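All remarks here apply to the structure that follows.
The values are calculated or read from the model by the stated rules, or taken from the named source; none is laboratory data. Note that this is a predicted model, so its numbers are computed, not measured. In this analysis, Cβ positions are derived from the backbone assuming ideal geometry, glycine residues included, and neighbour counts consider all displayed protein chains. Each accessible area value is taken on the protein alone, full model and side chains, heavy atoms only, with ligands, DNA and RNA left out. Shrake-Rupley method; radii C 1.70, N 1.55, O 1.52, S 1.80 Å.
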Number of protein chains: 2
Amino acid sequence: MSEFIGLAAAALTTLSFLPQALLVIRTRQTNGISLIMYIMFTTGVAAWLVYGIMEQSLPMILANSVTLLLAMVILGLKIWHSLQARTQGATEATSAPIAS
Amino acid sequence: MSEFIGLAAAALTTLSFLPQALLVIRTRQTNGISLIMYIMFTTGVAAWLVYGIMEQSLPMILANSVTLLLAMVILGLKIWHSLQARTQGATEATSAPIAS
């Protein structure tokens, strides 16, 4: 029984990042998403992957590889949108008419 | 060595939801956050908690209790904001002047 619950838990927590990645790709909306969260989370999942390799645990390696991929997509788009917003802000500032 | 990596991974993935919860509480912005992700993730973390209790693993019980609490805060605020947006949309629709 606990084996089944563990597998269900792993599948749910791993695949839960898929709808978030798809939403970010589709809407390009990331301002509600915490950059710090995804830096910490992605680093943590990478550490779980290293741990799984050291412990030679195939379920951990598979689950954390999928989660790492999805988390990196979300983190990458979050960084990309933050940089875009910053450059847009900068161009607006420089092109604004200077009050004479 | 792998023990240390496992602990670091657990701490990072658990605490990563704290900055997201604080951002949502502070900015009230959840439209970039996927409701389906947090329903799946919260269910998955609850399952990990049940698994940890069945396996009598204190680290799993502690880590997943913290993550569950933080994930429920984010999920609760996401649902709350979605309901608010819906009722606001409904009141605007009914109070809009009917084109005669």
(message) Tell me the mean residue ellipticity at 222 nm calculated for chain A from its helices only (DSSP H runs of n ≥ 4, each -39500 (n - 2.57), averaged over every residue, nearest 500).
(response) -28500 deg cm²/dmol
(request) Using the 7 Å Cα-to-Cβ label point, sort the distances from B:Ser2 to its equivalents in the other copies shortest first and give them in nm to one decimal. (result) 1.9
(message) Keeping all protein chains in the complex and leaving out DNA, RNA and ligands, what accessible area do you get for A:Met60 with a 1.4 Å probe, in Å² to the nearest 10?
(response) 50 Å²
(message) Looking at the calculated P(r) for chain B, what percent of the C-alpha pair distances fall above 22 Å?
(response) 45 percent
(message) As a test question: what accessible area, to the nearest 10 Å², does B:Ser82 have when a 1.4 Å probe is rolled over all protein chains in place?
(response) 40 Å²
(request) Hey, for a label at B:Met1 modelled as a point 7 Å past Cα toward Cβ, could you say which residues of region A:27-58 have their backbone N under 17 Å away? (result) A:47-57
(request) Go ahead and run the numbers for FRET between A:Leu58 and B:Ile36, Cβ-Cβ distance against an R0 of 22 Å, rounding to 0.05. (result) 0.20
(message) Given the rotation that superposes chain B on chain A, what residue of B brings its beta carbon nearest the axis, and what is the distance in Å?
(response) B:Gly32, 2
(request) For the protein assembly as shown, just run the numbers: alpha carbon Rg, then divide by 2.2 N^0.38 Å, N being how many residues it has. (result) 1.22
